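First the structure, in the form of structure tokens, and then the observations on it.
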Amino acid sequence: MSKVEEIMQLNRERINSAGKPSQDFSKIALIQPKIPDGNYLPSLGLLYIAAVLEKNGFNVKVFDQGQKPDVIKDILVFRPDFVGITSVTASINRAFKLAEEIKEVYPDIKVAIGGSHATASPYETIENPWVDFVIKGEGEYPMLNLAMALKKGGEDIEKVESLFFKLNGQTKKNREADDLASHQLDDLPYPAFH
């Protein structure tokens, strides 16, 4: 039995004994897929997003596939309600594969993809069947606003700036946010290096 199958079995047993887990969108996994060029630096963008989410009361854990290739097991054990994956073009297929593996075990988890690939090709990225949302451009506040909208049951999704999403089989695009001004950059919390 593979590690993923073991986790699936454990979680099925937990769900069967305790009923369906509630999904309040307070647990968020942020994931850096492995970049094939050997880059081992943490994603500063993800760490800033994590810090903004944590400052607003969310339980956030950052996972780096470059540091731990079998990261999917840890993500599934964490059992997030919402997943954000960053990706450059060189790692987009890994990002899609991570989204697929997560959704195969927990189909109700919402997956957002951001980063430079999603910013350059948002329509292509949202077409992937495992992706629920795409964030174009700077992700700190759009991710926070998306998490808050999901926590409220999805109301105000159409007000989340820089967001692409699917609704009744159609791709919807919200208004794009302006780039952060210098005073907004100064207000960002220190990256969540933990």
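The values are calculated or read from the model by the stated rules, or taken from the named source; none is laboratory data. Predicted model only: the values in this text are computed from it and were never measured. Cβ atoms come from the backbone with ideal geometry, glycine included; neighbour counts cover every protein chain shown. Heavy atoms of the whole protein, side chains included, go into the accessibility calculation; ligands, DNA and RNA do not. Shrake-Rupley method; radii C 1.70, N 1.55, O 1.52, S 1.80 Å.
Note that segment 31-141 presents 42 Å² accessible area per residue, ligands and nucleic acids not counted, probe 1.4 Å.
Remark: spin-label model distance ASP156-PHE78 equals 2.5 nm, labels positioned 7 Å along the Cα→Cβ axis. The heavy atoms of ARG175 offer some 140 square angstrom of accessible surface to a 1.4 angstrom probe.
Taking a straight Cα-Cα cut-off under 23 Å and skipping sequence neighbours fewer than 8 places away in the same chain, the lysines within cross-link reach of LYS151 are LYS20, LYS27, LYS55, LYS61, LYS103, LYS110, LYS136, LYS159, LYS166, LYS172, LYS173. When a/c reaches 1.5 or more, the comparison of a/b and b/c decides; with that in mind, is segment 65-194 rounded, prolate or oblate per its Cα gyration tensor? It comes out rounded by the Cα gyration axes. Remark: the ASP178-GLU54 segment gains 42.4 nm on full extension, using 0.36 nm per residue and subtracting the alpha carbon distance. Of the chymotrypsin sites (Phe, Trp or Tyr not before Pro) found in segment 31-67, the ones in coil according to DSSP and having at most 10 other Cβ atoms within 10 Å of their Cβ are TYR40.
To put it simply, the accessible area of segment 40-194 at a 1.4 Å probe is 50 percent carbon and sulfur.
When GLU176, GLU104 are compared by accessible surface with a 1.4 Å probe, the order from highest to lowest is GLU104, GLU176.
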